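The values are calculated or read from the model by the stated rules, or taken from the named source; none is laboratory data. The shown structure was predicted, so the numbers you read here are calculated from the model rather than taken from an experiment. Virtual Cβ from ideal backbone geometry, glycine too; neighbours counted across all protein chains shown. These accessible areas exclude ligands, DNA and RNA; they are computed on the full protein's heavy atoms, side chains included. Shrake-Rupley method; radii C 1.70, N 1.55, O 1.52, S 1.80 Å.
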Amino acid sequence: MSADMTRLDIALLTPAVIRTRPRTFLRALVVLALVSGHLLVTGPALLVAAFGGRERMAATLRGRARRLLVGLGASYIKGAQLLSTRRDVLSENWCDALAELHDQVPPMPARTARRILRVAYPAGEISAERVDWGSVASGSIACVYRADLPDGSSVAIKIRRPGVQARIQDDFALMRAGARLMQHLPPLRRLPAVAMVTQIGEAVARQADFELERDALHALRNNLADVDYLRIPEPVDALCRPGVLAMEFMSGLHRLTAEEETPELAERVLTCVYRMLFLDGLVHCDMHPGNLYLLPDGRIVLLDAGFVVRLRPNVRGLFAEFFLAMTHGDGERAAAVVFRSAAEVAADADLDAFRAEMVELIADSSRKQSGEFSLVAFAARLFDLQRRHGLFVTPEFVFPLLALLVLEGRIKELDSEADFQFTAMPVLAKALQAGYLQM
């Protein structure tokens, strides 16, 4: 194993740094002020919009909500990006409004980006004069620009927004405090909310670490090198800096259109995700429409490896085994996997009742096509079963579910008849052959 991969593996398991209270308190005041300010402005704006009809009023509300999320920053934008993929949960208008946050967040001022570039490249390896400052993409953590090198080639440079790391840390410190308060409520007392918020917070914070993203790009390219219909940009290591990630520039990218949304494309995307989940254990958890493109030759391009999570081998194996049990309609085995993976079992846990209801849940969910199967509904029922019967799996199971949850909405658009479970079978068979699964 390389030194880079060793660093990646270790960093993915590193506990969150303890936050300083004064800074977190100030961040809480900023969040409160932003929310209060938007509420004050939204009321009169909605009254004015009401004269234009119901739809105008709804559009005004969506616009104000989007601006509030942009003001709150990366942590909140990431949650909105996830919701934008769920057209089976939110209305089409809300999904479209939130989808603009995938890569249409207002870019940082050009003078700020120029200053960061001058500090990162004091010798002028990348000159500000050779950068197209009309950003290629603008996200909550960074902006991406095209830069021309002296040899005539081009690179994509991803420049981190100043101060974003501290804000993410503070936001999740506040969320953990909220989770602790939630756990004092009787219905949520046994829910491991703090552990789950902590783990997700660390994953989001890692998206601002460009050295980890560079390592993840290399690892994903290596793991999926044999997939001829997939391209992942290669980092330009010699030009990478702490606040700037340089990688190959891919021209001709275009978003998926209705004419190109085919069952074959849906199957290819799903297969790649299943390989990450069941074979490689290095999972891209952010495959929203802003990170999936097509090249003119039809190959899929996967961008932005900031939200990549490494699953421990036992977690990967247990998740694969649970998925296999679901595809076979084996509720007893699915319940056994949950028992084995439990991070906590309450003293009064009713395991027999849990097992019976799990058998019913699996029977209701097994072998349903995309149009009939809802992952969000399945996950809600599963978590409700665990909560009611006092049995909780390791919080690391959140990430495999998140990867599929982000992707599910897109797959439903690509192919309403896609079979999530059948598509997984060849990859699960390879996992079984490799010894990752037990029969």
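Observations on the model:
- The order of Trp94, Trp133 by accessible area, most exposed first and with a 1.4 Å probe, is Trp94, Trp133.
- Whole-Hz couplings from phi, Karplus 6.51/-1.76/1.60, listed for segment 329-336; x for Gly and Pro: x, 9, x, 4, 5, 4, 5, 5
- Whole-Hz couplings from phi, Karplus 6.51/-1.76/1.60, listed for segment 264-273; x for Gly and Pro: 4, 5, 4, 5, 5, 5, 4, 4, 4, 5
- Annotation: peptides 206-213, 414-421, ranked by per-residue average of other Cβ atoms within 10 Å with the highest first, follow the order 206-213, 414-421.
- Sites listed here are trypsin sites (Lys or Arg not before Pro) in segment 271-378 whose DSSP assignment is loop and whose Cβ has at most 16 other Cβ atoms within 10 Å: Arg299, Arg367, Lys368.
- Charged-residue dipole, Cβ positions (Lys, Arg, Asp, Glu), segment 255-438 about Cα centre, Debye nearest 20: 560 debye
- Most to least packed among 160-171, 119-130 [average Cβ atoms within 10 Å]: 160-171, 119-130
- Cα centroid of segment 194-256 to Cα centroid of segment 102-144, whole Å: 18 Å
- From the alpha carbon centroid of segment 327-388 to that of segment 293-312 is 30 Å.
- Overall form of segment 307-417 per C-alpha gyration tensor (a/c, 1.5; a/b vs b/c): oblate
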